């Protein structure tokens with residue numbers, strides 16, 4: 001079971017994830033705290049898995 | 001982002017021609033920790049639902065849209081919501097109606113004169 005999920009209006013706890021960066025063909029990191037510091041908006045776009053279809 | 005590693009992201013982006021123009025970061029969430037935070041992780045399958053979330057610079061969730069595994073999202077609608085959020089941050093007393101597409105389109109300013117008169121306001 002999922003713990004209670006975030007809803008619209010909630011503050012997202014800071015998190016970091018390792019990334020692949022197609023622009024530079026290198027690995028990197030996404031850091032929500034850094035995005036906030038930079039005044040940036042963030043889009044999180046979840047999909048089931050790589051090599052899925054729609 | 002998905003529960004795949006950054007290595008699989010690389011392989012997928014390199015192999016699939018539909019992804020040739022992708023410029024955004026492809027984030028790896030192999031433990032599903034972020035997917036769980038947003039309620040899109042399917043524990044029995046180890047997969048993420050198709051969720052899209054917009055987070056403001058203040059760290060607040062501003063939009064959420066979740067589709068089941070077999071239905072893709074419309075990027076134009078996501079972009080519309082993104083533009084509307086930027087506009088509403090600058091113009092906090094206004095509201096963007098459903099047909100709002102871009103800055104310059106009609107917005108609504110809630111007040112006593114608009115109660116029961118949204119039709120007139122939209123068709124002025």
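Read the figures in this text as sums done on the coordinates, not as results from a lab. What you see is a predicted model, and the numbers here were worked out from it, not measured in a lab. Using ideal geometry, Cβ is built from the backbone for each residue, glycine included, and neighbour counts are taken over all protein chains shown.
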Checklist entry - Anyone know which of B:69, B:54, B:45 comes out most mobile in the 10 Å Cα GNM of chain B? => result B:45
Checklist entry - Tell me, Kirkwood radius of chain A from alpha-carbon pair distances, in Å? => result 13.8 Å
Next on the checklist: Sequence gap at least 6, Cα distance under 8 Å: using those rules, report the relative contact order of segment B:6-122 to the nearest whole percent.
Outcome noted: 11 percent
Item to check | Whole-Å distance, taken between Cα centres, linking segment B:105-124 and segment B:8-22 | outcome: 46 Å
Item to check | Calculated [θ] (222 nm, deg cm²/dmol) that DSSP helices of n ≥ 4 give over chain B, each run adding -39,500 (n - 2.57) | outcome: -8000 deg cm²/dmol
Item to check | Value of relative contact order over segment B:56-124, rounded to a whole percent, pairs C-alpha under 8 Å and six or more apart | outcome: 20 percent
Next on the checklist: Using just the Cα positions, wrap segment B:1-50 in a convex hull and report its mean projected area in square nanometres, one decimal place.
Outcome noted: 3.7 nm²
Checklist outcome for this item: In degrees rounded to 10, the 0-90 angle between helix B:75-90 Cα long axis and the longest Cα principal axis of chain B is 50 degrees
Next on the checklist: Springs between alpha-carbon pairs under 10 angstrom, Gaussian network model over chain B: which of B:105, B:48, B:58 fluctuates most?
Outcome noted: B:58
Checklist entry - Over chain A, what is the relative contact order in whole percent, taking alpha-carbon pairs under 8 Å and six or more residues apart? => result 21 percent
Next on the checklist: Could you compute how fast segment B:6-122 diffuses translationally, taking Rh as the Kirkwood radius over C-alpha pairs and applying Stokes-Einstein at 37 °C with viscosity 0.692 mPa s? Give it in µm² per second.
Outcome noted: 189 µm²/s
Next on the checklist: Take residue B:22 and residue A:14, extend 7 Å from each Cα along the Cα→Cβ direction, and tell me the distance between the two endpoints in nm.
Outcome noted: 2.8 nm
Item to check | Theoretical gain in end-to-end length, residue A:26 to residue A:53 [0.36 nm per residue, Cα-Cα removed] | outcome: 7.3 nm
Checklist entry - How many nm separate the modelled label positions at residue B:117 and residue B:70, each set 7 Å beyond the Cα in the direction of the Cβ? => result 4.9 nm
